[in-house]
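Enquirer: Starting off with a structure, shown below.
Read-outs: derived from the displayed coordinates by stated rules, not from any lab. Keep in mind that this is a model prediction, so the values were computed, not measured. In this analysis, Cβ positions are derived from the backbone assuming ideal geometry, glycine residues included, and neighbour counts consider all displayed protein chains.
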């Protein structure tokens, strides 16, 4: 028997097969989410609902659902756990927006702008607690271990990013540590828990973990690149947002590393908040082009995307696998 | 056999017997706390340590340890769980100080003032995640259920308090709901989990839960009263802090309910932030005296204190029980 080798394609990929694959399960997950957002305190469902109903792709629960299909799990435990994963993610977003002082997310006003920072902090805490209640109801200590560890890693990554903020000499390795913790850890856990509820082997668990982790990194790197691609908007995010906030991302790290002394001075000023105008952004775009920083950020993303695809090579071919492969292709193609 | 009836005493009670009772166990808990605060990100132990080492009484872990002694538990599982409870509490304090914009706690500058709100939010999240990791390591789903539920209740109580802020007509019932959730839920859970690890009956669990819950309410009410007792300072808290922040507490609720139309106008102005001067506070003190609002807040506290004591009547007499009774007496006597 000849192995089927899956390589990144060059046609336009879509998230649609994945969305269709999980549509039925996602309706069940959404029901759990709505049920568990409830509270006698009206502000809680109001604020949480703003973000949860606010046009997010439910990427992480989708990964739990798709992974479960990939391995042929036919139970329903993963519905509750997928909701739990989404709650962790939502809590993180609420706190992130407070930490960053953001005013827009996915093109809508953030909860902290509408209801204030205190409410966002506390409702985040509530959702975080609810996510653990959901896991406890499921009753798997292994799932609890994976997700409580992922939560600690995310928080650690956020603090790491905070202490790294506005440091132009951050370096690619530390940056990868940060996004590995902040973004990829929950992607990995979301996929891995499907194998746990299905009681599959450690090897299958780790293959799904690797799929999620590599996809998470690819996803974040493409997000970083999009900020420096002028016709962007794919993610409800405007080009230049990261730049204006002085965010350290891989395009900046590469452009700084490869730049002249003068360029480095420019990036240092930008990251430290002294260059945030339109002309500055235009200059930044020209520097990332000259240094091929965006192209190479996308090349790095493709590297992780390929690893994600290869990590699930051992699972049976079929609709789920095709959808998971195309989801990676979609993730890395978004910036074109 | 005649039942031993424990009634609140009139001599000066102390927390000392409780501190001595748990001293050995507390050393073990402190070792767990120090170990689990560690992180490769230096800001995490630095910020967490500021609060954790900052002169707190470790009241909640102390309750877990004392409860375990009361029921004769001779294992060590409760050390890790007591540390977990303290982490939940510390995370809550970090977020509370951000929510309230506090600058002092226990007479020291708050973490949010020293390191900023973002760091306090994120390190709180980290400690919260760590607390769940500790519970998962212990492995009891029942403990996980109790503590994850307590966490959700705390967060719900905080949001409830936030939406009730500066509402002078809050009422005693809703106020009791708030402190029942914000303060008493974790006191109750801290005591109850001792019975869970010792595998005692549901009745013993609920007796310890009731002890903690009632003590928690008594504790909070006395804290509220202290703010309107001019020679206070017992808790590292200055008289008038609550008043100047426009906080709704039971003395205000009672003085408002019992006051004249003119008094009510004063309290409304105070709670809404238009009267926060020294003369205003002096006037507030005179109003709470006239209406016996502080005396009756303390009478309410004694009611809950007596209930706490009665709830552990069924356990064997001995050093642990004596210490737990005296801890209640100490809690309600602090304002005299």
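Enquirer: What average number of partner chain Cβ atoms lie no more than 10 Å from the Cβ of the residues making up A:142-151?
Expert: The per-residue average across the peptide is 4.
Enquirer: If r is the Cβ-Cβ distance from residue B:313 to residue B:114 and R0 is 56 Å, what FRET efficiency results, to the nearest 0.05?
Expert: Calculated value: 0.80.
Enquirer: Same structure, new question: Compute the long axis of helix A:16-37 from its Cα atoms, compare it with the longest principal axis of the Cα atoms of chain A, and write down the angle in degrees, 0 to 90, nearest 10.
Expert: 80
Enquirer: Got a sec? How would A:163, B:76 order by Cβ neighbour count within 10 Å, fewest to most?
Expert: Listed from fewest to most nearby Cβ atoms, that is B:76, A:163.
Enquirer: Averaged across the residues of A:211-218, what count of C-beta atoms belonging to other chains lies within 10 Å of each residue's C-beta?
Expert: 0
Enquirer: Now for a separate question. With no solvent and one equal point scatterer per Cα, compute the Debye intensity ratio I(q)/I(0) for segment A:76-157 at 0.17, 0.21, 0.27 Å⁻¹ and report its log10, rounded to two decimals.
Expert: -0.69, -0.92, -1.22
Enquirer: So, by mean Cβ neighbours within 10 angstrom, what's the order for A:154-162, B:41-49 with the highest one leading?
Expert: Ranked by mean Cβ neighbours within 10 Å, highest first: A:154-162, B:41-49.
Enquirer: Compute the helix-to-body angle for A:77-100: its Cα long axis versus the longest principal axis of chain A, expressed 0 to 90° and rounded to tens.
Expert: The angle comes out at about 20 degrees.
Enquirer: Determine Rg/Rh for segment A:119-167; Rg is computed over alpha-carbon atoms and Rh is the Kirkwood hydrodynamic estimate from the same atoms. Provide the component values of the computation, followed by the final result.
Expert: Details: Rg = 13.6 Å, Rh = 12.3 Å.
Across segment A:119-167, the Cα-based Rg/Rh ratio is 1.11.
Enquirer: May I pose another question? What is the distance in Å between the Cα centroid of segment B:162-182 and that of segment B:316-335?
Expert: So the separation of the two Cα centres works out to 28 Å.
Enquirer: Starting from the Cα coordinates of segment B:118-241, work out the convex hull volume and express it per residue in Å³.
Expert: Convex hull volume per residue, Cα atoms: 135 Å³.
Enquirer: Additional query: Using only alpha carbon pairs under 8 Å that are at least six residues apart, calculate the relative contact order of chain B and give it in whole percent.
Expert: The value is 22 percent.
Enquirer: Would you mind listing how long segment A:16-330 runs along its three principal axes, going by Cα atoms, in whole Å with the largest first?
Expert: For segment A:16-330, the Cα extents along the three principal axes come out at 59, 48, 30 Å.
Enquirer: Shifting gears a bit: At 7 Å along the Cα-to-beta-carbon direction for both residue B:260 and residue A:278, put a label point, then send me their distance in nm to one decimal.
Expert: 6.5
Enquirer: Hey, for residue B:40 with labels 7 Å out along Cα-Cβ, what do the inter-copy distances come to in nm, ordered shortest first?
Expert: Spacings between copies for this position, smallest first, are 4.5 nm.
Enquirer: Compute the helix-to-body angle for B:293-311: its Cα long axis versus the longest principal axis of chain B, expressed 0 to 90° and rounded to tens.
Expert: Around 20 degrees separate the two axes.
Enquirer: At q = 0.16, 0.17, 0.22, 0.23 Å⁻¹, what is the base-10 log of I(q)/I(0) for segment A:224-318 according to the Debye formula with one equal point scatterer per Cα and no solvent? Please give it to two decimals.
Expert: -0.65, -0.71, -1.05, -1.13
Enquirer: Provide a whole-number value for the mean count of partner chain Cβ atoms within 10 Å of the Cβ atoms in peptide B:19-27.
Expert: Taking all residues of B:19-27 together, the mean is 0.
Enquirer: Specify the inter-centroid distance of segment A:11-58 and segment A:190-220, based on alpha-carbon positions, in whole Å.
Expert: One Cα centre to the other: 21 Å.
Enquirer: Would you mind calculating the gained length between residue A:172 and residue A:269 on full extension (0.36 nm times residue separation, minus the Cα-Cα distance), in nm to one decimal?
Expert: Fully extending the segment from residue A:172 to residue A:269 adds 33.0 nm.
Enquirer: Now for a different question. In a Gaussian network model over chain B where Cα atoms closer than 10 Å are linked, find which of B:303, B:283, B:89 has the largest mean-square fluctuation.
Expert: Fluctuation is largest for B:283.
Enquirer: OK, next. Can you list, shortest first in nanometers, how far residue A:203 lies from the same residue in the other copies, with each label 7 Å from Cα toward Cβ?
Expert: Here residue A:203 shows inter-copy label distances of 5.5 nm.
Enquirer: So what is the diffusion coefficient of the protein assembly as shown in µm² per second by Stokes-Einstein at 4 °C and 1.567 mPa s, using a Kirkwood Rh over Cα pairs?
Expert: Details: Rh = 26.8 Å.
Once the numbers are plugged in, D ends up at 48 µm²/s.
Enquirer: Relative to the other copies, what are the label-point distances for residue A:316, with labels 7 Å from Cα along the C-beta vector, expressed in nm at one decimal and sorted shortest first?
Expert: Label point to label point, same position, other copies: 5.9 nm.
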